[in-house]
1. Residue 319: closer than 30 Å to residue 179 by Cα and β-branched (Val, Ile, Thr), yes or no?
2. Considering only segment 243-266, state which residues are open to solvent by 50 Å² or more (accessible area, probe 1.4 Å), in contact (Cβ under 8 Å) with a residue 40 or more places away in the chain and of a type outside the set (D, E, K, R).
3. May I ask you to list pairs of residues, at least six apart or on different chains, whose Cβ atoms are under 9 Å apart, with the first in segment 345-364 being touching a residue at least 40 places away in the same chain (Cβ under 8 Å) and the second being charged (D, E, K, R) and not in a helix (DSSP H, G or I)?
4. What are the residues in segment 211-225 that are closer than 30 Å to residue 112 by Cβ and either open to solvent by less than 70 Å² (accessible area, probe 1.4 Å) or not in a helix (DSSP H, G or I) (or both), if any?
5. Under 7 Å by Cβ, and 6 or more places apart or on different chains, what pairs join a residue from segment 373-392 that is over 24 Å from residue 353 (Cα atoms) with one that is open to solvent by less than 90 Å² (accessible area, probe 1.4 Å) and not acidic (Asp, Glu)?
6. Just for helices (runs of 4 or more DSSP H) wholly inside segment 309-379: which have at least 1 residues that are over 25 Å from residue 195 (Cβ atoms) and open to solvent by 60 Å² or more (accessible area, probe 1.4 Å)?
7. I'd like the residue in segment 129-155 that is part of a helix (DSSP H, G or I) and of a type in the set (Gly, Ala, Ser) and, out of all such residues, is surrounded by the fewest Cβ atoms within 10 Å (Cβ to Cβ).
8. Inside segment 58-76, can you point out the residues that are closer than 17 Å to residue 32 by Cα and surrounded by fewer than 21 Cβ atoms within 10 Å (Cβ to Cβ)?
Amino acid sequence: MSRRNAGAEAAPYLITDTEALVALCTRLRAERFVTVDTEFMRERTYWPELCVVQLAGDHEVAVVDALAPGIDLTSLGELLADEAVMKVFHAARQDVEIFLLRYGAVPTPIFDTQIAATVAGFGDQVSYDQLARSLANAQIDKAHRFSDWAARPLSPAQIAYAAADVTHLRRIYTALTGKLEREGRTAWVAEEMAALAEPATYRQDPETAWEKLRPRTTNRRFLGLLRAAAAWREREAQRVNIPRGRLVKDETLLEIAATAPESVGDLSRARGISEGFAKGKSGASLLAAIQEAKALPDSALPEAPKERASGANPSPALVALLKVLLAAKSEEHQVAPRLLANSEELERLAAGETELSALQGWRREVFGSAALDLRAGRVALGVDGRKVRLIQA
């Protein structure tokens, strides 16, 4: 391990042993907040392989080699669980998933600067390097973005690149929290962080995996077969630790649900399914899942997608008006439009639905209430100079 340097802007250093990691985490647990990032590999596996963890406090930046022989990451888990220290990430979902898998818990408390930036008026899914330029006056070198982080030894350039992802994050976090406090939006961000801190956000239920395929049918028997095939793929991909799409592609699952193969020969005729796969252990378990789904009574089949509340498609004109209102409210409050509502929610809102995130919490205050008034004809849209305004009907 290279020794850490003293000073307010100490150079990043590499940690490769348990003793040094324990000492680092002990020091960081005295901090008000710690910035965190990870480097991992997932291209060839279902489960992400943690390779590097970057940590920064006020006066030090460390790059932890998570693959170093004999290193024990227990003290890192204790730091992530310390409720007295805010854990700051940028675009945290994949990092948090890794820590949830390793430690069985989401880091707490947690703050995501990408989410906070959308609330603070920096646009939709703003990148780390954009925020670094805007709030930390720093330029990020992305040359090592696609490095092989599992290869050893780590190069000095890789260590410097990894460290930069938490170094500037300190100033970004301070600037964002100050802006949110001045604008009275701290509670808005807290609502978003609550979802990020929920373990269910990261856990894929195999029995609901079929819903992501968005089948365009109301045939419940087909949906039952698709549910079984998708659940099998999720569990099998986990078992053999390969990406679900490498095991069986989405379009192949849909074909299997449509053809309901009964034999190895039937299965091998599906696109993307080789004879060897069909004859092997995976093929046998997939056929068994299909046969089990075939035997289900109608009462056990999944429900077809619900029709809209009105029983008909929403008025395209009303959807268009809601889009204009969304753009106007986004401009007025300097909030990314997609954070308020997406296209699907606007269509559901136009169709009369009310169980929508756009009508809950701070989103209702900013956009949802006005959208309901517009839908009910209580207000209209007008133009005042260069701005779109609401007019009482």
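The values are calculated or read from the model by the stated rules, or taken from the named source; none is laboratory data. Model, not experiment: these values are computed from the prediction. Note that each Cβ is placed from the backbone with ideal geometry, even for glycine, and that neighbours are counted across all protein chains shown. Keep in mind that these areas ignore ligands, DNA and RNA; they rest on the heavy atoms of the full protein, side chains included. Shrake-Rupley method; radii C 1.70, N 1.55, O 1.52, S 1.80 Å.
1. On the way: closer than 30 Å to residue 179 by Cα: no; β-branched (Val, Ile, Thr): yes.
When the stated conditions are applied, residue 319 does not pass them.
2. 254
3. The qualifying pairs are 348/308; 348/355; 351/308; 352/308; 353/308; 362/185.
4. Once the filter is applied, which keeps residues that are closer than 30 Å to residue 112 by Cβ and either open to solvent by less than 70 Å² (accessible area, probe 1.4 Å) or not in a helix (DSSP H, G or I) (or both), segment 211-225 yields 213, 214.
5. 382/391; 388/324; 388/328; 388/381; 389/382
6. Details: elements: 316-333, 337-340, 343-350, 369-376.
Hits in segment 309-379: 316-333, 369-376.
7. Our first condition is that a residue be part of a helix (DSSP H, G or I); within segment 129-155, this holds for 129-136.
From the residues that got through so far, the ones that are of a type in the set (Gly, Ala, Ser) too are 132, 134, 136.
Numbers: 132: 21, 134: 14, 136: 18.
Among them, the one singled out is 134.
8. 58, 59
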